[in-house]
Amino acid sequence: MSLANKNILLGVTGGIAAYKAPDLVRKLTAEGANVRVVLTDSASEFVSPMSLQAVSGNPVHQHLLDADAEAAMGHIELAKWADILLIAPATANTMAKLAHGLADDLLTTLFLATTATVYIAPAMNQQMWKAPATQRNLSVLETSGITMLGPDSGEQACGDVGTGRMLEPLDIVRAISVPRNQELAGMNVVITAGPTREPLDPVRYISNHSSGKMGYAIAQAARLAGANVTIISGPVALTTPPGCQRIDVITAEEMLNKAKAEATNCDIFIATAAVADYRAAEVADNKLKKSSDELTLTFVKNPDILATIAALEDGPFTVGFAAESQNVEAYAKDKLIRKKLDMIAANDITREGLGFNSDDNALHVYWQTGDAELPTGKKSELAKSLLSLVATHYKNKKSG
Ligand code: PMT
């Protein structure tokens, strides 16, 4: 993507890396971009508005309640002007405010008011980067469709060594100039995500610990790769990734019905949902009472959604998931063959901090003629690697 004539709003926040902002502005303008700078109060302690005005050729915006600045270009106008909002450096404090929707200064207000593509280049001490609160905020921002640039690792201004350095200005310019990976442009991708809930009576159900995070991460990555994405979602506490369509369901039978309806116009079907294998043979009309010491319920098998879709004539490319606690490879391959899938991604759920209801995962992907181990890490990163594999194998299958 060329940056020529792109309107870039550069938000500079208060960290030592703010001294690199003039160089970043110069490199952006050298690519032909129109740059306007928004400086937070603390950033102005590290870099002067005058130097940023000189290199950008535009007045620097600093305060929300500045009558003169508002008269020249109001903050809503500024938010609409931007094609790209780039926040570099972004401190831990700014990331926290953005993640929680606070709008107590000009930059955070613009973030809420803009529809521009947002990039954030964090910069902070390595321990602050690792802090659980920062990692939670990072996860919220990524789930909202924001692209993070870095941070880099190495020696820091405070003398520590670790992750938290802002990417170099040239790397930032390159990252936002690279066309978004559009490997799935125009394709229809349907993803099942989260758990299903199978009722026992009006107040009780059986379910599992799936949070939907893996499926939603894949949905977001597929959308960024250009796909039209539909998520068929069990009950989860996640926001829908921008640009994705979401169909909410509760039970496996509802998920099957929606999956069959969506499969008619689907190129790739990815089943990350942890579907309850059984449901109660009869759902009690009234709350079950504690009338005896034991309770015996009869369960019947739920339909297999993924196998049903994989069996369709001219059906989509199918990708299954397998959460296994033993014999991971053997069980995953068995599901690949038995359900007649194109691919299966196996997670070993005995590994602490990975798999169900966590932000990280490790996946080993199998197909009929090969396999690949993806690097352990954030579900958002794994989603991108998995989709690259899926795109390659989908194209190979189509070309015979
Ligand atoms: O949601 P998270 O908290 O992020 O956790 C992600 C995950 C661990 C749930 C996910 O990565 C995962 O592994 N999902 C599959 C869980 C599983 O155990 O699947 P299974 O072995 O029961 O089923 C194999 C495949 O068939 C899966 O693709 C499943 O969606 C599908 N299936 C299973 C049963 C059924 N009745 N219908 C189905 O479609």
Practice problem: Quick one: in region 264-320, of everything that is at pLDDT below 95 and among the β-branched types (Val, Ile, Thr), which residue is nearest to ILE231 (Cα to Cα)? | Solution: THR264
Quiz item: In this structure, is LEU295 outside any strand (DSSP E or B), of a type outside the set (D, E, K, R), over 28 Å from ASN188 (Cβ atoms) and more than 10 Å from the ligand (Cβ to nearest atom)?
Solution: yes
Practice problem: Please find, within region 312-328, the residue that is farthest from MET214 (Cα to Cα) out of those that are away from the ligand (no atom under 12 Å from the Cβ) and touching a residue at least 12 places away in the same chain (Cβ under 8 Å). | Solution: LEU312
Exercise. Please give the number of the condition VAL236 fails out of (1) more than 8 Å from the ligand (Cβ to nearest atom); (2) β-branched (Val, Ile, Thr); (3) at pLDDT 95 or above.
Key: (1)
Practice problem: State yes or no: is ASP348 away from the ligand (no atom under 12 Å from the Cβ) and either of a type in the set (D, E, K, R) or closer than 24 Å to THR308 by Cα (or both)? | Solution: no
Exercise. State which residue pairs qualify: first residue among the hydroxyl-bearing types (Ser, Thr, Tyr) and inside region 249-268, second residue part of a loop (DSSP other than H, G, I, E, B) in any location, beta carbons under 9 Å apart, and separation of 6 or more residues or different chains.
Key: THR251/THR196; THR251/ARG197; THR251/GLY234; THR251/ALA276; THR251/ASN302; THR264/LEU312
Quiz prompt | Failed criterion for TYR205 (all others in (1) in the same structural domain as ASP360 (by TED's automatic domain parsing); (2) in contact (Cβ under 8 Å) with a residue 12 or more places away in the chain; (3) surrounded by 14 or more Cβ atoms within 10 Å (Cβ to Cβ) hold) | solution = (2)
Practice problem: Check region 42-49 and report whether any residue there is among the aliphatic types (A, V, I, L, M), assigned to a loop (DSSP other than H, G, I, E, B) and crowded, with 20+ Cβ neighbours inside 10 Å. | Solution: yes
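The values are calculated or read from the model by the stated rules, or taken from the named source; none is laboratory data. Predicted, not measured: the structure shown is a model, and the values here were computed from it. Heads up, the Cβs are rebuilt from the backbone with ideal geometry, glycines too, and the neighbour counts pull from every protein chain shown.
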